[in-house]
Amino acid sequence: MASPVFHGLTGAGLAYVLAGDGSLPLFASFRKTLPLLVAGAVAACLPDIDYLPGLWRGHLNAAHQLATHSLAWVVLATAGILLVGRAWQPARFGWRAAVFLLALAGSHLAIDGVTADRSPPCGFPLGWPFSHVAMLAPFALLPAWEKASLAEVVGMANVRPLAIELAAGFAILAACIWAKRGWTIFKAAL
């Protein structure tokens, strides 16, 4: 599965497309939307919260790619964030925030679906709790990481996957920024 690096860069790009201000000069736009970009990156990484039990057990994949990598979990996590957000700032957490959060958390599943996976369980239960069948695309656009332990994550075997994810992630981020800025030249900001 892809690393939080790629998920975060993609999430920041989607956040800029969905809610960034492309009418401002580029650096002013980044200053204004930096909290949103960070929130987008974090939201895109939400399904990987299942690495935490693995950290405590010493095996990162102990609970990875299970219930949190399903459409049901994406919907439940979005609903939970919306409920907390509506209690905190009701005006900011309406239907647009719901679409925003669904797109960000859902992007995680789409990316993991096209990433090579060599560690069991291969794939993830997209239909959980109704189906435990592991889903994975028949092709891989991103290479697999060695990630059974923290030592493997920072090992030399992951230099190539990290380089590929950084290049692809920054390309997606740049494409999202370019698309949003091009769109706002002709239309009002979303």
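Quick notes on this structure:
- Exactly one residue out of Leu83, Leu55, Leu24, Leu37 is assigned to a helix (DSSP H, G or I), modelled with pLDDT under 85 and on the phi < 0 side of the Ramachandran plot, and it is Leu55.
- His7 meets the stated requirement of being within 14 Å of the chain's Cα centre (by Cα), surrounded by 16 or more Cβ atoms within 10 Å (Cβ to Cβ) and touching a residue at least 24 places away in the same chain (Cβ under 8 Å).
- Evaluating Leu18 against the criteria (1) closer than 20 Å to Trp95 by Cα; (2) surrounded by 20 or more Cβ atoms within 10 Å (Cβ to Cβ); (3) not acidic (Asp, Glu) leaves one unmet condition, (2).
- Take the conditions (1) in a loop (DSSP other than H, G, I, E, B); (2) more than 30 Å from Ala116 (Cα to Cα); His64 misses just one of them, which is (2).
- Scanning region 60-93 for residues that are within 30 Å of Val153 (Cα to Cα) and free of Cβ contacts under 8 Å to residues at least 12 places away in the same chain yields a count of 2.
- Among the candidates Leu109, Leu101, residue that is buried (at least 21 other Cβ atoms within 10 Å of the Cβ) and either within 16 Å of the chain's Cα centre (by Cα) or not in a helix (DSSP H, G or I) (or both): Leu101
- Residue within region 69-82 that is crowded, with 18+ Cβ neighbours inside 10 Å and within 13 Å of Ser3 (Cα to Cα) present: no
- Look at (1) surrounded by 20 or more Cβ atoms within 10 Å (Cβ to Cβ); (2) over 18 Å from the mean Cα position of the chain (by Cα) and you find that Ala43 fails only one, number (2).
- Within region 136-173, restricting attention to residues that are β-branched (Val, Ile, Thr) and in a helix (DSSP H, G or I), the residue that is surrounded by the most Cβ atoms within 10 Å (Cβ to Cβ) is Ile172.
- So Gly127, is it within 20 Å of Ala63 (Cβ to Cβ), touching an Asp or Glu at 6+ places or on another chain (Cβ under 8 Å) and surrounded by fewer than 19 Cβ atoms within 10 Å (Cβ to Cβ): no
- Residue match in region 113-120 (condition: touching a residue at least 40 places away in the same chain (Cβ under 8 Å) and β-branched (Val, Ile, Thr)): yes
- Residues located in region 112-135, provided they are acidic (Asp, Glu) and not in a loop (DSSP other than H, G, I, E, B): Asp112
The values are calculated or read from the model by the stated rules, or taken from the named source; none is laboratory data. Since the structure is predicted, the reported quantities are computational estimates derived from the model, not experimental observations. We place every Cβ from the backbone using ideal geometry, glycine too, and count neighbours over all the protein chains shown.
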